[in-house]
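To keep things clear, I will list the structure first and then write my remarks on it.
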Amino acid sequence: MTVRRSDIVVVGGSVAALRAAETVSRQAPHLSLMVVSDEVHPPHERPPLSKVGLEEPFDREALTYPAVASLREQGVTFALNTRAEGLDVANRRLLTTVGSLEYGALVAATGCEPFVPPVFAGQPDVFTLRRYEDAVGLRAAVSRPGAHVAVIGAGFIGGEFAATLAKAGRRVTVVDLADRPLGRFGDAVAREYQALHRAAGVQLRFGAAVTGLGEDGGRRFLLLDDDSRVPADVILVGVGVRPSTAWLEESGVLLDNGIVCDATLKAAERVFAAGDAVRWRNPRWGATMRIEHWTNAAEQGRVAGINAVNVFAGEDPVVCGSVPYFWSDQHGVRIQFAGYRTGTEEIVEDRNADGLLVVYRMGDLVTGVLAFERRAQFVKLRAMLRNELPWQQARTVLTSGPAPVG
């Protein structure tokens, strides 16, 4: 089989992969560039159904990132439905299901795969939300009259989808093994999150483990460890993901709950990585972290693309120092977090008529902020967190809003 070649190869079909490709094309249009993805569709927004109402148009073409068309016009090749199966770092060769591909520099951006507990494996009408086809199938299933949906996992994808269902008047129960949803952010956040969903009519079952599935009168249910039952005609599983790194296991690239990289996102000689599967040393915090959020993936894709180009330009790589950030809209409320938590910080709660704002501080330094609404103040604090943020400076932002409630 003929071995193909590209100056830079980007592996993956996610936003991290697309941002890397955009950066390469913009900074070095003279270099050949190929994006290799096991998806049958070009890079698109996902998981879309958690943010798109059940009655709203749901068209894949509309979800495809506009940059794809412009990249193709610039000569970028998209090798779709092509899975990476191995990487030969010494010989700069990517092994795929359709043959080998030689590269000058490579960006690994294969992201993560959803984890499905064994109790749900192979069962009908059980879904995860990663690919477009997942969303199409799930949307059709929940559209059946009278279907009761069980969401396994109270994270942001599960919470967003529960909110979408509640808005459409559907019956939905969220089940989570943890006693407190979002408990890692403190009791105030957990209480606020529960109250938000209960006020919208979402049923919540926390501190409960699913021990099996059963059927009664042709309707499926979850059996919980307290012997109670939860109707579950349709099940969405959102209990976590695992880095998609099997293709790198024999490559010599260091793997440890993801692709281990230095501060420049370098994983091996001429190999950089970006996105949810990356564990890197973030110089802003002096800590190694892996982050599964869109904003981080986009920023890492940009940095990895720059550094892949710098290989050819003979320039030093740039570091990826960032403030982790995520957001989620649920029941008309925006939830946002920025910063980095170890779990040992002091938690300061501030509630006023505009919502709840929680600040995390370690001694005199603020390390993070989480807000339910409070958008203007959150934006200010997020920007301030790009550098070390003394508590007294953060307090000036808190006191700039409406008077505290109570």
Gap in Å between the Cα centre of the stretch 168-209 and the Cα centre of the stretch 2-21?
39 Å
Gain in span if fully extended, R144 to D227, counting 0.36 nm per residue against the direct Cα distance
27.1 nm
Give me the 1.4 Å probe accessible area per residue for the chain, excluding ligands and nucleic acids, in Å².
44 Å²
Would you compute, from DSSP H runs of 4+ residues alone, the mean residue ellipticity of the chain at 222 nm, taking -39500 (n - 2.57) per run and dividing by the full residue count, rounded to the nearest 500?
-7500 deg cm²/dmol
Only bridges whose two residues both fall in the chain count here: according to DSSP, what percent of them are antiparallel, nearest 5?
60 percent
In the stretch 252-312, the GluC sites (Glu not before Pro) that fall in loop regions by DSSP, at most 15 other Cβ within 10 Å:
E269
How much of the accessible area of the stretch 332-395, in percent, comes from carbon and sulfur atoms when a 1.4 Å probe is used?
48 percent
Take R382, R281 and sort them by solvent-accessible surface of the protein heavy atoms, 1.4 Å probe, largest at the top.
R281, R382
In terms of solvent-accessible area of protein heavy atoms at a 1.4 angstrom probe, what is the ranking of R72, R131, highest value first?
R72, R131
Sorted largest first, extent of the stretch 48-179 alpha carbons per principal axis (Å)
55, 36, 26
Let me check I've understood the local charge: for D227, count other residues with C-beta under 15 angstrom from its C-beta, Lys and Arg +1, Asp and Glu -1. What total comes out?
-1
Using a Förster distance of 51 Å, the FRET efficiency for D316-R191 (Cβ separation, nearest 0.05):
0.60
Distance in Å, no decimals, from the C-alpha centre of the stretch 327-406 to the one of the stretch 131-146 is 36 Å
Under Stokes-Einstein, the stretch 116-237 at 10 °C and 1.306 mPa s, with its Kirkwood radius over C-alpha pairs, diffuses with a coefficient in µm²/s of 109 µm²/s
Note down the relative contact order for the stretch 247-406 as a percent, whole number, built from C-alpha pairs under 8 angstrom at least six residues apart.
15 percent
In a shell of Cβ-Cβ distance under 10 Å around T128, excluding T128 itself, what net charge do Lys and Arg (+1) and Asp and Glu (-1) give?
0
Within the stretch 97-235, the percent of DSSP beta bridges that are antiparallel, given to the nearest 5, stands at 45 percent
Sequence of E113, E73 when ordered by accessible area, the most exposed leading, probe 1.4 angstrom:
E73, E113
How high is the relative contact order of the chain, given as a whole-number percent (alpha carbon pairs under 8 Å, six or more residues apart)?
15 percent
Semi-axes a, b, c in Å (a largest) for the stretch 332-395, each sqrt of 5 times a Cα gyration tensor eigenvalue, come to 18, 12, 11
Scaled by the rule-of-thumb 2.2 N^0.38 Å, the alpha carbon Rg for the chain gives a ratio of 1.04
Please report the projected area of the stretch 293-355's Cα convex hull averaged over all directions, in nm².
6.6 nm²
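The values are calculated or read from the model by the stated rules, or taken from the named source; none is laboratory data. As the structure is a computational prediction, the values presented were derived from the model and not from experiment. Cβ coordinates were reconstructed from backbone atoms using ideal geometry, including for glycine residues, and neighbour counts include every protein chain displayed. Side chains included, ligands, DNA and RNA excluded: accessible areas come from the protein's heavy atoms. Shrake-Rupley method; radii C 1.70, N 1.55, O 1.52, S 1.80 Å.
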